[in-house]
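Colleague: Mind having a look at this structure? Questions to follow.
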Amino acid sequence: MKEYVRIIAICFVTCISGTPIFAMSEAQESLNSDQTPKRASDGRNRLGETTSPYLLQHQYNPVHWYPWGEEAFQAAREQNKPIFLSIGYSTCYWCHVMERECFEDQEVADWLNRTFIAIKVDREERPDVDEIYMTALQIMTRGRGGWPISLFLEPNTLKPIWGATYLSKTDFIDFMRTTRKVWNENESKVLDRADEIAGIVSARLSTFQEPVQLSPDLVHKGAVTLLGRFDSKLGGFSGRPKFPMPIYSDFLMETSWENPQVQKAVKKTLDSMLMGGMYDQVGGGFHRYSTDAKWLVPHFEKMLYDNGQLVSTYAKAYELTGEPTYAKVIEETLEYVERELSAPAGGFYSAQDAETNHLEGETYLWREAQIREVLEDAGLEDEVAFALSLYGVDKGTNFKDPHHPQEPATNVLFLGQHPEISASEHTMSYPEFQERVDRINAALLAVRDTRDQPLTDDKVITAWNGIMIAGFADAGRILQNKAWVDRAVRASNFILSEMKSKNGKLLRTWREGTKGADAFLIDYASFISGLLAIYRANQDQQVLASAIELYDTARELFFVEGEGWYDTEKGKSDLFVRTRALSDGAIPAATSFILGDVISLAEMTNDPRFLEDTMRTLDSESQWLASQPLSVVVAAKHFARFAKAHPEKFDGEQIPTVSKDSTVTMICNPAALTISTGESKTITVTLQMDRGWHVNSNDPGNEYTVPLSFKSINENVSIVVDWPKSKKMISAGEKVSVFGG
């Protein structure tokens with residue numbers, strides 16, 4: 001009998017791929033029917049008493065779901081049943097699919113109800129739970145993850161046993177059969193495995209690392225690495241799929257804008273995004289990501305945190321370039337947020353779904369005949385040819401729903417060329433051209449609004465509101481629009497009045513007047529960042545005072561002297577590890593956010609305690625900054641700003657070198673130089689290899705061997721290499737030319 005089951009789930013981090021692959025034994029066992037608990041009299045399970053839109057979507061499932069909490073844990077312990085944990089969020093496409101295929105199915109529900117205690121978690125309400133179990137899942141699947149998370153936990157300490165992402169009905173039933181069999185026949189082995197996985201999770205999320213000396217060279221290292229990833233043809237810093245990742249553009253603009261290659265990379269990326277289908281050309285706002293490398297076909301969810309960050313990014317780019325298309329994107333995105341994601345009380349809603357009527361992007365897609373009819377009905381028949389050409393519809397269809405092949409092909413609207421180029425080709429000024437486009441979009445949007453609309457997740461999340469508040473404030477300050485700053489103030493006042501408990505703590509969520517649980521560090525850090533963005537825009541001292549007060553509260557709750565910041569408060573009984581996740585992703589890590597806050601507070605107040613806290617925070621993530629700056633790229637951006645203001649605190653020697661633990665050390669002499677047009681200069685590069693080690697030469701003489709090479713990231717600089725003499729050696733039975741010594 002197998003001691004455990006290894007699940008390999010193929011699913012990218014935002015549910016962009018399909019069926020998982022896994023291996024498991026077949027255990028055809030019958031269930032005792034008298035173990036089935038009874039459902040509530042109104043047909044709802046326990047999720048009907050929650051406020052999360054995601055949990056409420058599942059309140060009428062035949063599965064007897066519990067929300068995450070002591071009632072569920074106690075039931076599992078008393079009955080000695082493993083816990084089935086399902087984590088997702090309301091706008092997750094594959095979460096909807098698994099609900100339809102599994103959780104609405106009576107056969108699946110019978111298995112779950114009789115054999116396990118089933119718990120649903122909204123990852124947006126409980127990012128701490130999501131962080132822990134996503135890390136566990138990635139350990140089990142060698143780095144792969146995604147939502148929904150499907151995990152089995154042992155009931156006593158809530159440690160993970162086995163996991164997958166989305167599962168079909170057949171696979172899920174097999175998964176449950178195998179889990180039940182192994183749990184019943186070899187519980188001690190299962191618990192040993194849970195301890196092993198939990199130990200790795202704890203090491204990843206909470207281990208303290210000794211501080212190391214930081215050098216400004218880490219910023220240069222990060223910028224060079226990022227430019228090496230730049231897609232010069234299509235923009236962005238990855239292949240397919242393409243995520244907006246505004247944190248990368250922000251880092252380059254903050255640290256290296258004087259470099260022409262940086263300017264090219266940032267502008268190409270921002271231009272490509274605003275022209276593609278990932279940007280809602282008719283209604284404004286950005287979708288979650290592009291499923292292809294061209295920014296053309298999006299995954300259609302719209303998230304508040306994406307749009308908030310991108311508004312700030314485009315505002316910074318506008319400040320540096322004066323590019324009018326960036327100002328237009330900012331205006332349209334903020335109009336979208338105000339129209340679709342604004343709560344009447346003043347806060348901002350969380351997200352909009354990717355699907356309508358179970359169809360991906362149905363609300364946003366167009367056929368040529370539909371566009372023609374809309375414009376003719378609006379009295380814009382003369383604009384039909386222009387509109388079809390503008391949005392690429394005259395080139396044929398470009399979207400086919402991958403999940404519903406029976407649906408006819410249709411169109412995601414996109415711009416075939418930059419708006420300023422289009423304006424020039426039509427012998428119009430850019431403002432004249434944009435007015436023409438605005439008339440077309442207004443007609444299309446009026447009709448699109450009559451279609452069935454995607455679900456809006458109408459809970460207010462403090463952290464995400466902080467990001468959007470900063471977006472409104474940054475845009476208002478840079479584009480000198482007081483109304484946008486005032487909107488940021490209104491949202492911040494809502495948080496301060498409605499999303500604080502009587503003891504002064506912030507709350508994580510609010511929905512329809514019901515307040516959620518206590519906030520996490522990310523909520524404090526992000527909201528403080530939003531308040532400081534308002535302060536930069538209007539210099540309101542009360543706003544600054546509120547930011548300082550919240551910072552002091554956050555420090556008391558989440559900071560540990562000599563260790564740094566933790567994401568959660570101490571002593572949470574429902575977590576087997578107190579997390580400290582440092583990596584920056586779609587949302588920056590809480591520690592990166594708080595680092596930016598404390599640096600800003602030091603600048604704004606000249607209070608030495610903030611300077612001291614900055615150094616303590618840098619110490620806590622200095623190993624990551626020094627060794628892998630792009631993994632903490634937001635912290636690296638803040639470090640660059642701080643190091644520029646306080647060079648005396650850091651070693652500024654610019655010597656590119658690899659770790660002492662490496663068998664190869666590289667030294668460049670000189671480490672930095674300036675070259676004028678037409679001028680040539682010489683750099684000596686020394687590679688010092690440990691005894692017995694070699695690197696391939698520039699001409700290794702074997703087609704399957706990668707040669708040593710040097711590359712300029714500036715296309716205006718060419719390199720000529722005076723190679724040393726190589727020697728021949730035998731490697732893996734092949735003769736190869738190498739350098740050594």
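The values are calculated or read from the model by the stated rules, or taken from the named source; none is laboratory data. All values reported here derive from a predicted model rather than from experimental measurement. Cβ: placed from backbone, ideal geometry, glycine included. Neighbour counts: every protein chain shown. What goes into the accessible areas is simple: the full protein's heavy atoms, side chains included, and nothing from ligands, DNA or RNA. Shrake-Rupley method; radii C 1.70, N 1.55, O 1.52, S 1.80 Å.
Colleague: With each pseudo-label sitting 7 Å past Cα toward Cβ, what's the MET689-LYS515 distance in nm, one decimal?
Modeller: It works out to 6.5 nm between the two label points.
Colleague: Suppose we look only past 45 Å in the calculated P(r) of the chain. What percent of the Cα-Cα pairs does that tail hold? All intermediate terms of the calculation are to be shown ahead of the outcome.
Modeller: Details: 78966 of 274170 pairs.
Cα-Cα pairs in the chain separated by more than 45 Å: 29 percent.
Colleague: Projected area of region 394-499, taken from the Cα convex hull and averaged over every viewing direction, in nm²?
Modeller: Numbers: hull surface 42.8 nm².
If you wrap the Cα atoms of region 394-499 in a convex hull and average its projections, you get 10.7 nm².
Colleague: With every protein chain kept in place and ligands, DNA and RNA left out, what is the accessible area per residue of the chain? Probe 1.4 Å, answer in Å².
Modeller: 43
Colleague: Can you give me the three principal axis dimensions of region 160-248 from its C-alpha atoms, in Å, biggest first?
Modeller: Result for region 160-248: principal-axis Cα extents of 56, 39, 16 Å.
Colleague: For q values of 0.13, 0.21 Å⁻¹, compute log₁₀ I(q)/I(0) with the Debye formula on a Cα-only model of region 297-395, without solvent.
Modeller: Each listed q corresponds, in turn, to -0.69, -1.14.
Colleague: Now for a different question. Which FRET efficiency value, to the nearest 0.05, do you get for LYS502 and GLN213 by plugging their Cβ-Cβ distance into 1/(1 + (r/R0)^6) with R0 = 45 Å?
Modeller: The pair LYS502/GLN213 has a calculated efficiency of 0.50.
Colleague: Select from THR313, ASN606, ALA645 the residue farthest towards the positive end of the dipole of the chain; place +1 on Cβ of Lys and Arg, -1 on Cβ of Asp and Glu, and compute about the Cα centre.
Modeller: ALA645
Colleague: Kirkwood hydrodynamic radius, region 238-366, all distinct C-alpha pairs: what's the number in Å?
Modeller: It works out to 15.1 Å.
Colleague: In angstroms, what radius of gyration and Dmax does region 527-667 have, counting Cα atoms only?
Modeller: Radius of gyration, then largest Cα-Cα span, for region 527-667: 16.7, 56 Å.
Colleague: Additional query: Compute the projected area of the convex hull of the Cα atoms of region 468-533, averaged over all viewing directions, and report it in nm² to one decimal place. Present the calculation step by step, with values, prior to reporting the outcome.
Modeller: Numbers: hull surface 17.8 nm².
The directionally averaged projection comes out at 4.4 nm².
Colleague: Please identify the DSSP H helices in the chain that span no less than 30 Å along the helix axis (Cα) and have a mean Kyte-Doolittle hydropathy of -0.5 or more. All intermediate terms of the calculation are to be shown ahead of the outcome.
Modeller: Details: long enough: none.
Helices passing the filter in the chain: none found.
Colleague: Once you charge only the Cβ atoms, +1 for Lys and Arg and -1 for Asp and Glu, what is the size of the charge dipole of the chain about its Cα centre, to the nearest 20 debye?
Modeller: That gives the chain a dipole magnitude of about 1720 debye.
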